[in-house]
1. Kindly check whether there is at least one residue in the range 131-138 that is within 18 Å of the chain's Cα centre (by Cα), among the hydroxyl-bearing types (Ser, Thr, Tyr) and surrounded by fewer than 22 Cβ atoms within 10 Å (Cβ to Cβ).
2. Of a type in the set (S, T, N, Q), touching a helix residue (DSSP H, G or I) at 6+ places or on another chain (Cβ under 9 Å), surrounded by 14 or more Cβ atoms within 10 Å (Cβ to Cβ) and assigned to a loop (DSSP other than H, G, I, E, B), is that true of Ser418?
3. Residues Gly155, Gly191, Gly168, Gly164: which one is surrounded by fewer than 17 Cβ atoms within 10 Å (Cβ to Cβ), small (Gly, Ala, Ser) and in the same structural domain as Thr235 (by the TED database)?
4. Is there any pair with a first residue in the range 350-376 that is surrounded by 14 or more Cβ atoms within 10 Å (Cβ to Cβ) and a second that is assigned to a helix (DSSP H, G or I) and not hydrophobic (A, V, I, L, M, F, W, C) whose Cβ atoms are under 6 Å apart and which are 6 or more apart or on different chains, and what are they?
5. Given (1) in a loop (DSSP other than H, G, I, E, B); (2) open to solvent by less than 40 Å² (accessible area, probe 1.4 Å), where does Trp145 come up short, assuming only one miss?
6. Does the range 168-206 hold any residues that are within 23 Å of the chain's Cα centre (by Cα) and among the small types (Gly, Ala, Ser), and which are they?
7. When the range 244-257 is examined, which residues are found to be open to solvent by less than 50 Å² (accessible area, probe 1.4 Å), under 17 Å from the mean Cα position of the chain (by Cα) and free of Cβ contacts under 8 Å to residues at least 40 places away in the same chain?
Amino acid sequence: MAPPAGRRVGDDFVDDSDSDVSITGLDDETSRAKAKGKGKAIDRNKKDKGKAKAKEQPYAWEASYSRSWDTVQEDERGRLEGAVQDWIARGRRRRLLAPAAAIRRTIIRHLVLVLDLSSAMLDRDMRPTRFDLMLQYAREFITEWFDQNPLGQIGVVGMRGGLGERIGEMSGNPQDVLKAISERHKLEPTGEPSLQNAIEMARASMSHLPTHSSREITIIFGSLTTCDPGNIHDTLDECLKDRIRISIVALAAEMKICRDLCAKTGGVFGVALNEGHFKDLLFELIPPPAQRAVARAGAPGANPAADLMIMGFPMRLPDTSPPSLCVCHSQMKSEGFLCPRCLAKVCDVPTDCDICGLMIVSSPHLARSYHHLFPVKPYAAVMSLEDTPDPSKRCHGCSVAFRDTPATMLGAAGEGMSPLGRYRCPECQNDFCTECDVFVHDVVHCCPGCGK
């Protein structure tokens, strides 16, 4: 028998659309729904309390972020350009406020750049991919590194497929190093990385280096795993014996073994938050690191005696000289440099003579390496002109006029920023603008007012 109109099979009541009937059987269901609603309300209260506790106890990574948008203010014309420029300049000046005390550094550096070529570098969390961005920043890093460390040498090692792969030999010529990583099709990421194999290969390439040079390994690591054939802590102990400093720039997350490698060898470890932070972490490794503090002379572990180094200043051959064979490539060339000891011809300097082993450098390279040992003193931010009887109206470096009214910047005094845009040399008492201040300390390395 078919159910009557308005009734469905399995229903306990008839739903007549034309009648307004009160159904007593719904009372129990209504009370159950209320009970369920109370339970849901209790659950919501518990969740809200849990969220409140989570807000009171933020994650560790949240501490590294700052509300930069709160410090940006409009100028008198309602624009943000000036505020944004001041914010950028404040970040550039922050690294110039380091103590100016004399620090013992090594100007002859040997660095092995280890690149992660595993499949994890194909992730697109950094545009276009981690791999492409790493190659781009590696080229810029090598160029800037040789510009500030002309007496150093760089080798390149890759890690993929669970092995360490030598990409470029140790060389003091930036063009040779850049050529080694220029062929992208030979560096395609695949497999898993191996920190132990890569560090062992880098350590073996620096085993013959003299004691007066620094031995450093810089690793760009994008994976969360490492496929090692043995105990990597044994490799760490060998690096400590050989005085090798390991620094790691991680692109994914922090790993304990990476932190231990850097902390125990005296290196630097950092996790990149974005593309710009990745470049900042990498370029912070360009200046030569300070040597570790050890005991005074006469005590155990005293500073080693300062040994004299033999260097040769070559004679440069012009392009019009007759062609002859070079000892480095065995090619006929006109231009080049002659070793002052054995008169062998080399193509570029600085390098070691392949015949007699003499270190060949040019005097400009040697002079340019000294700015790390004797840096320009930080310029003092001028907060007011009340104590200055006759202040200059233009920058001593570029002759740009200073602003007349002080700018309103939050926290400017605490971060070393001058509201007047003036920075004064402590030696010659000349005033410089923000751009000249950064340019003098980053590029020129010599004050144009006093020559120091």
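1. From the range 131-138, those within 18 Å of the chain's Cα centre (by Cα) are 131-138; that's our starting set.
Those still in the list that are among the hydroxyl-bearing types (Ser, Thr, Tyr) too: 137.
Still in the running and surrounded by fewer than 22 Cβ atoms within 10 Å (Cβ to Cβ): 137.
Yes.
2. Yes.
3. Gly191
4. That search, which allows pairs on different chains as well, returns Pro350/His365; Val376/His441.
5. The number of the failed condition is (1).
6. Correct list: Gly168, Ser171, Gly172, Ala180, Ser182, Ser194, Ala198, Ala202.
7. Step one: list which residues in the range 244-257 are open to solvent by less than 50 Å² (accessible area, probe 1.4 Å), which gives 244-253, 255, 257.
Cutting the leftovers down to under 17 Å from the mean Cα position of the chain (by Cα) gives us 245-253.
Once the filter is applied, which keeps residues that are open to solvent by less than 50 Å² (accessible area, probe 1.4 Å), under 17 Å from the mean Cα position of the chain (by Cα) and free of Cβ contacts under 8 Å to residues at least 40 places away in the same chain, the range 244-257 yields Ser247, Ile248, Val249, Ala250, Ala253.
The values are calculated or read from the model by the stated rules, or taken from the named source; none is laboratory data. Because the structure is a prediction, the values reported are computed rather than measured. FYI the Cβ positions are ideal-geometry reconstructions off the backbone, even for glycines, and counts take in every protein chain you see. When the accessible area is computed, the model is the full protein with side chains, heavy atoms only, and any ligands, DNA or RNA have been set aside. Shrake-Rupley method; radii C 1.70, N 1.55, O 1.52, S 1.80 Å.
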